[in-house]
Amino acid sequence: MSKLLASEWERLWKRKVTWLMFAAIPIMVYAAAKYCLHQNNNLSPDLPQFTVAGNFPVLGLAEMLMTAFNFVVLVIAAMIVTEEYRSGQLRMVLIRAHSFQQIIIAKYIVLAGFIFLYLVAYFISCYGMGYALFSNPETYPQFHYQDHVTLGEGFIYNLKFYGLAFLTLVAMSSVVFFIAIVSHTTTTTLGIGIGFLLISFLYPNIIQLFQQFLNNEVVIKLFFTSIPMIQWEGLTLMLAKSSSLYGWMLLVLSCYILLFHLLIILVTRRKSDIFI
Amino acid sequence: MKNIVELQAVSKKVRGKYLVRDVSIQVEKGAICGLLGPNGAGKTTIIRMLTGLIRPTSGDIFINEQSVVTNRASALKNVGAIVESPIFFPYMTGRENLKNLVRLHDTIPKLEENAKVAEVLQISGLEARADEKVRTYSLGMKQRLGIAQALLGDPALLILDEPANGLDPMGMRELRELILTLKNKYDKTILLSSHLLDEIQKMCNQIVIIREGELIWSGELDDEQNLEEVFIELMSK
């Protein structure tokens, strides 16, 4: 399995697209910084939404996570699963005594490794850009915290935020991997993947329209059954000092991972006996 | 002589239709066996089953006495193959493709991987173009690269599915010489499928003919026998 992983990892980094995605990180961070600087003009420094060097890694990731990061996961899955599988390239690996399931597991681990590195690179870039473009107070307000946090406390908070962001992207990968396996072309994978993201953006907002008819807690819980919504607003709630929703969102993410892994196992088992 | 390949009453049924029915074949060690049949006869299905890409509906397949059905990993350690057209990762060079694939062989130590890649490039005659991207290769070069990757694990058996497909006469001749070298110099057993009768007659010392998924003839030809005549006679029955 380790040799299979090494082979998959090497192939991922031989692609220009992979390097282009990494090269896009400073551009993404700069775009997020420009947006935050613009927002700062209309905000009081007492608000947690006001961007400073210490909280820029979180504020600079929030919107990018549910858009650009999810899209990166989708593109990588389309490349390493759908393209290699449907073009017949995987036959070269399959005839070397590796099963389709083993290959898919290796690809999943490789994608998780890529996401981890991507987040680390984004985190470091955000700190660099944050200190270059924003003020650097010794303490600053934090979302859902009563007291200001120090730079050290803020750093730990940021690490936890990125850890949870990684978990949401792993959940997203599970969904996207399933789509990539069952799709016949990369265009289909991208299309269904974008469709899944759009539905995940839309239905929580539609549910909010029924807020007056439903119990508020039910509405909030339904709202946070969507991965992009967890990425957008849920992560700060999960990290609140007294969060009642931490368990719920963790359960939702676990359900996505388990359900789609189960579906992947079922599909790959069936595919071991049909034409490849 | 010992059989390296043995298909025992193998059938493959998909959506109620038999693609291969009750086929039994033995290939002797050191032979070049030609699997012959018209398009849609079931040659590629047999090769897919031999290489473990699909499972037979019934029957069993043995390579070096290891069952592909129940002991796929061990059986395939003795096999190098091109199934259908040789498809590689186009964004990598020929050498990079081979380096990537050689890693998947447990039997080759990491320190020897580069030497192994150089060796198979030399055997397949691709050294001069090894560092060019595969997307720039002609079909003949891709076939050679296909054979090079099949040789990576130093397999006793090479399975080549329609290796001469799309090649010009010069390319076919070069491929024939390469296949004969692999048998004579490197002691490989080769099972190749084709619908090109002339090529099969020039290369193979054992012939298996398939029609509509069923084995209709298996054996060796005398020097005086013409494969084309035998084939046409069998097909018209």
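The values are calculated or read from the model by the stated rules, or taken from the named source; none is laboratory data. Worth saying up front: this structure is predicted, and the values here are computed from it rather than measured. Neighbour counts are summed over all protein chains in view; Cβ atoms, including those assigned to glycine, are modelled from backbone coordinates with ideal geometry. Note: areas computed on protein heavy atoms with side chains; ligands, DNA, RNA excluded. Shrake-Rupley method; radii C 1.70, N 1.55, O 1.52, S 1.80 Å.
Structure notes:
- Sole residue being within 12 Å of chain A (Cβ to nearest Cβ), in a strand (DSSP E or B) and under 21 Å from residue B:208 (Cα atoms), chosen from B:59, B:80, B:52: B:80
- Here residue B:137 fulfils each of the conditions (1) surrounded by fewer than 20 Cβ atoms within 10 Å (Cβ to Cβ); (2) among the aromatic types (Phe, Trp, Tyr); (3) over 30 Å from residue A:1 (Cα atoms) apart from (1).
- Residue within segment A:59-78 that is among the polar types (S, T, N, Q), touching a residue at least 60 places away in the same chain (Cβ under 8 Å) and within 14 Å of chain B (Cβ to nearest Cβ) present: no
- Of the residues making up segment B:87-127, just one is crowded, with 20+ Cβ neighbours inside 10 Å, more than 14 Å from every other protein chain (Cβ to nearest Cβ) and of a type outside the set (A, V, I, L, M), namely B:124.
- Residues that are more than 21 Å from the chain's Cα centre (by Cα), open to solvent by 30 Å² or more (accessible area, probe 1.4 Å) and either over 21 Å from residue A:106 (Cβ atoms) or within 10 Å of chain B (Cβ to nearest Cβ) (or both), drawn from segment A:1-40: A:2, A:3, A:5, A:6, A:10, A:14, A:16, A:34, A:37, A:38, A:39
- Taking the conditions (1) hydroxyl-bearing (Ser, Thr, Tyr); (2) within 21 Å of residue A:31 (Cα to Cα); (3) open to solvent by less than 10 Å² (accessible area, probe 1.4 Å) in turn, residue A:127 satisfies each one other than (3).
- Filter result (under 30 Å from residue A:175 (Cα atoms), over 22 Å from the mean Cα position of the chain (by Cα) and open to solvent by less than 20 Å² (accessible area, probe 1.4 Å)) within segment A:41-91: A:84, A:85, A:88, A:89, A:90
- Set A:84, A:63, A:138: member being closer than 19 Å to residue A:190 by Cβ and acidic (Asp, Glu): A:84
- Of all residues in segment A:223-247, those satisfying the criterion of being part of a helix (DSSP H, G or I) and open to solvent by less than 70 Å² (accessible area, probe 1.4 Å) are A:223, A:227, A:228, A:229, A:230, A:231, A:234, A:235, A:236, A:237, A:238, A:247.
- Residues being surrounded by fewer than 21 Cβ atoms within 10 Å (Cβ to Cβ) and assigned to a loop (DSSP other than H, G, I, E, B) - total across segment B:189-215: 4
- Looking across segment B:131-159, just one residue is among the small types (Gly, Ala, Ser), more than 10 Å from every other protein chain (Cβ to nearest Cβ) and touching a Lys or Arg at 6+ places or on another chain (Cβ under 8 Å), and that is B:156.
- Filter pass, residue A:181 being crowded, with 20+ Cβ neighbours inside 10 Å and either within 13 Å of residue A:66 (Cα to Cα) or not hydroxyl-bearing (Ser, Thr, Tyr) (or both): yes
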